[in-house]
Amino acid sequence: MTGKQTAEEPQHKKDLTRRKVVAVGAGAAAAVGIGGGFALNASADEPATDASASGSSAEACYKLTSETTEGPYYIDADKIRRDITEDKEGIPLTLSLKVIDSETCKPVRNAAVDIWHCDALGIYSGYESLSTGGGSAPTDAPSGTPTGTPTGAPPSGGTGGGGHEEPTDEKRYLRGTWKTDRQGRVTFKTIFPGWYRGRCVHIHAKVHVDGTWTDAGYEGGHSCHTGQFFFAEEAVLASAKVEPYSTSTTERTTLTEDTIYDQSGTTGGLLRLAYDKKRIAKGVRASITVGVDPDQTHDGTDDAVQPGASASASASS
């Protein structure tokens, strides 16, 4: 995408804001009819969807603060695509997002949604030389502080701060941008992320609005949301039994230990997952609805910028 956005990385810690946001679990209807062999996780504080209300899908809405740090590995690289897998091995993941206005709950159409995440072994494209770690693989009952002596350095900005890193290579797998449809929906095909030192399993995301879609991509506009999506421990442990995840020797941070996830369930970005508990290798479906305030600017480098502030939205790769 054209129109690069300045990315000055804040300290890599919780960066919650006062912005009103809605994030409710989407995909409840998709779970109907799934056999007993499937697992469907949702936060206990997730509002229920009343499928019988007026014969339509009545979506419950509530407000929360779910902005997070952008992280050090955000890249503008013109990858306008829904399938971001490239040749990376891993458990197939279909990520379905719905973007709505936090005040009206109406869908936000034609927004540019960026996602990016590490591969099955904790490596980020564009930063392969920086994505290193070590320690022990996850166990069946993760609890408390991870033990063992790490053999490598955590990625810059992993837990203790650090600014945006300039890319060290030309690879751009597991990164992409796509446009929300009339219902505010966008779906990406990728793989289940792995883990690296200092962070639980997660996916980064940005939502850009007020820009223009052109043949070259998405130009102008501003980022109205910068956040991260998280995975339930049960699913992460199941993934750890599947290659190539099972070959990882990297120390893992659990969901409850993570310094970015605010422990608020779906309101903090916890994804709703559906998968066969005995055959997770066949694939996982993940979904969430994210509410934004289109008039605000949240680029992951500060709490909030008032309406009208200058920010250029670019398709991150």
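Between Ser264 and Ala216, the C-beta separation translates, for a Förster distance of 45 Å, into a calculated FRET efficiency of about 0.70. Maximal additional length on extending the Ser246-Lys282 stretch stands at 11.4 nm, based on 0.36 nm per residue less the C-alpha distance. Per the Debye calculation on the stretch 159-287 with a single equal scatterer at every Cα and no solvent contribution, log₁₀ I(q)/I(0) for q = 0.09, 0.16, 0.21 Å⁻¹ amounts to -0.33, -1.02, -1.48.
Since every read-out is calculated from the coordinates, none of them should be taken as a lab result. Since the structure is predicted, the reported quantities are computational estimates derived from the model, not experimental observations. Methodologically, a virtual Cβ is constructed for each residue, glycine included, from the backbone with ideal geometry; neighbour enumeration extends over all protein chains shown.
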